[in-house]
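One structure below.
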Amino acid sequence: MREELIERFISYVKIDTQSNEDNDHCPSTPGQMDLARKLVEELQALGLTEVAVDEHAYVMATLPANTDKEVPTIGFLAHLDTATDFTGKGVNPQIVENYDGKDIVLNKALNIVLSTESFPELPHYKGHTLITTDGTTLLGADNKSGIAEIMTAMAYLLEHPEIKHGKIRVAFTPDEEIGRGPHKFDVARFGASHAYTVDGGPLGELEYESFNAAGVKISFKGVNVHPGTAKGKMIHSAKIAMAFHHRLPSGEAPEFTDGYEGFYHLISMQGTAEHSKLQYIIRDFDRESFEKRKAYVTAIVEEFQSTYGAENIVLDMKDQYYNMREKIEPVRHIVGVAEEAMNNLGITPVIRPIRGGTDGSQLSYMGLPTPNIFTGGENFHGKFEYASVDDMLKAVQVIVEIAKLTEQKA
């Protein structure tokens, strides 16, 4: 199983599936469809049924039940795309066998080092097999580790018919990283009573709370005039944008918050004297606080519009997803099954809120309650991303154990 898992994972991360927020098509990049088609071939080769991919790169398949009991249909999901924050092109994964607990040189030529000083959790992985980047790309463990784990778990269940389980549905979705993962997902066709995204981080993570989330784009229009004759004429849009940003609470940003604390996060900025643009995400676990954050941004925009003209300051703010706890609490037993599965395997469940979102955030509001379980990865979305093969194997075991427990409890 170990070698199979590694082989699958490495083959997936080498396909560039970075999503693109500026493309309205689904999938937003062609590499996602390339991976989707590859997974269809692998699912068919494994022997799953009802294997299909649609024009939007949503992959679905079925592992038929092997029990006579009436068992709820459960699902496991992971997403095809990788984050927009850092390049996913030309991923060159490196395998570190029997990690010694010390700094890992990712790229000697560029002096890029995965250091224990910057990442103090690293020594906890001493003795593990780690898969890292070469320091020039992200790895793609978010979420190709989840894909590899689901595929490996399905293969294991097929090879071990003595493990009784009900009908299991699997799905792989596009464009999760840009908030569109479930937008074209057919919950009725998927046909599961509930599901689990395999999209978490370190060993034991079990999450059923997520942020409430909004995306914000603010455009600023100025007037550019030759600097030698600009007095009284130039209106510098980039300076107006900077002034706007400084109106947000400086301590309420990702680098200063954790736990249940929300934030405003500047994703990108572009600016000249004539045209500028700020892009933010707003996050908060509490719905009332979330609405207050959005109202605060709106109020600042309106203030700036009164000074510079409504046509020159344009706000585009859209909700992306909501805290899935509201939809999962009524069926909290599905979290309990995952918790029991981990305990059975000697894994300590770490139940805490997701400081982010998964497809499950939206799917739960679409009628498919979907908690999230760990994948064994760390430092997602950047060049210091890595995954523990040992913990990835444990994620495979958790998927199998959830399937087994669901049948036993039916």
TODO: Could you tell me whether region 76-142 comes out rounded, prolate or oblate from its Cα gyration tensor? Rule is a ≥ b ≥ c as square roots of the eigenvalues, rounded for a/c under 1.5, then prolate if a/b exceeds b/c, otherwise oblate.
DONE: oblate
Task: Label-point gap, in nm, between Ala52 and Ser289 - each point 7 angstrom along Cα→Cβ - done: 4.3 nm
Open item on the list: Let me check I have the definition right: for region 308-353, take the eigenvalues of the Cα gyration tensor, multiply each by 5, take square roots. What are those semi-axes in whole Å, largest first?
Closed with: 43, 13, 6
- [ ] Starting from the Cα of Thr229, step 7 Å along the direction of its Cβ; do the same at Asn344; then give the gap between the two resulting points in nm.
- [x] 8.0 nm
Open item on the list: Shape verdict for region 347-410, please, from the Cα gyration tensor: rounded (a/c under 1.5), prolate (a/b greater than b/c) or oblate.
Closed with: oblate
Open item on the list: Can you bin every Cα-Cα distance in region 168-207 into 10 Å intervals starting at zero and give me the percent of pairs per bin, rounded to whole numbers?
Closed with: 23, 49, 27, 1
- [ ] Just round it to a whole percent: the fraction of Cα-Cα distances in region 74-230 exceeding 25 Å.
- [x] 51 percent
Task: Flagged links, alpha-carbon separation over 19 Å, of Lys14/Lys144; Lys144/Lys383; Lys233/Lys277; Lys144/Lys318; Lys14/Lys38 - done: Lys233/Lys277; Lys144/Lys318
TODO: With N denoting the number of residues in region 115-198, provide Rg(C-alpha) divided by 2.2 N^0.38 Å, to two decimal places.
DONE: 1.46
TODO: First check a/c for region 32-132, with a ≥ b ≥ c the square roots of the eigenvalues of its C-alpha gyration tensor; if it is under 1.5, answer rounded, and if not, answer prolate when a/b is larger than b/c or oblate otherwise.
DONE: prolate
TODO: Quick one: net charge around Lys383, please, counting Lys, Arg +1 and Asp, Glu -1 for every other residue with C-beta under 12 Å from its C-beta.
DONE: -3
TODO: Could I have the simple spin-label model distance between Ser268 and Ala45, label points 7 Å from Cα toward Cβ, reported in nm to one decimal?
DONE: 3.6 nm
Open item on the list: On the Cα set of region 211-362, report Rg and Dmax in Å, please.
Closed with: 20.7, 75
- [ ] Place the peptides 40-48, 63-71 in order of packing, highest mean first, counting for every residue the other Cβ atoms within 10 Å and averaging per peptide.
- [x] 40-48, 63-71
Open item on the list: Using only DSSP helix segments of four residues or longer, with each worth -39500 (n - 2.57), what per-residue ellipticity at 222 nm results for the chain after dividing by its residue count and rounding to 500?
Closed with: -10000 deg cm²/dmol
Task: Student exercise, region 156-199 dipole from Lys, Arg, Asp, Glu Cβ charges, in Debye to nearest 20 - done: 280 debye
TODO: Would you kindly state how much longer the chain becomes between Asp85 and Arg37 on full extension, computed as 0.36 nm times their sequence separation minus their alpha carbon distance, in nm to one decimal?
DONE: 14.8 nm
Open item on the list: About the Cα centre, and with charges only on the beta carbon of Lys, Arg (+1) and Asp, Glu (-1), how big is the dipole of the chain? Nearest 20 debye, please.
Closed with: 900 debye
Open item on the list: What figure, in Å² to the nearest 10, do you get for the accessible area of Lys102 with a 1.4 Å probe and non-protein molecules left out?
Closed with: 130 Å²
Open item on the list: Considering only protein heavy atoms and a probe of 1.4 Å, how much of the accessible area of region 115-202 is carbon and sulfur, as a whole percent?
Closed with: 50 percent
- [ ] Kindly write out, for region 381-392 in residue order, the coupling ³J(HN,Hα) from the Karplus curve 6.51 cos²θ - 1.76 cosθ + 1.60 (θ = phi - 60°), rounded to whole Hz, with x marking Gly and Pro.
- [x] 6, x, 6, 9, 5, 8, 9, 8, 4, 4, 7, 4
TODO: Could you estimate the translational diffusion coefficient of the chain from the Stokes-Einstein equation, with Rh from the Kirkwood formula over C-alpha pairs, at 4 °C and 1.567 mPa s, in whole µm²/s?
DONE: 57 µm²/s
Task: Relative frequency of Cα-Cα separations exceeding 18 Å in region 180-228, percent - done: 65 percent
TODO: Would you mind pulling out the separation of the Cα centroids of region 308-363 and region 14-68, in Å?
DONE: 23 Å
Open item on the list: Given a 1.4 angstrom probe, what's the average accessible area per residue across the chain, in square angstrom?
Closed with: 43 Å²
Task: Paramagnetic reach from Met242 in region 179-220 [backbone N under 17 Å; point 7 Å along Cα→Cβ] - done: 220
- [ ] Evaluate region 277-387: find the radius of gyration of its Cα atoms, find its Kirkwood radius, and give the ratio Rg to Rh.
- [x] 1.11
Open item on the list: Quick check for you: which residues of region 275-289 have the amide N under 11 Å from the point 7 Å beyond the Cα of Glu326 toward its beta carbon?
Closed with: 286-288
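The values are calculated or read from the model by the stated rules, or taken from the named source; none is laboratory data. Bear in mind the structure is a predicted one, so any value in this text is a computation, not a measurement. Positions of Cβ are backbone-derived with ideal geometry, glycine not excepted, and every protein chain shown enters the neighbour counts. SASA here: full protein model, heavy atoms, side chains in, ligands and nucleic acids out. Shrake-Rupley method; radii C 1.70, N 1.55, O 1.52, S 1.80 Å.
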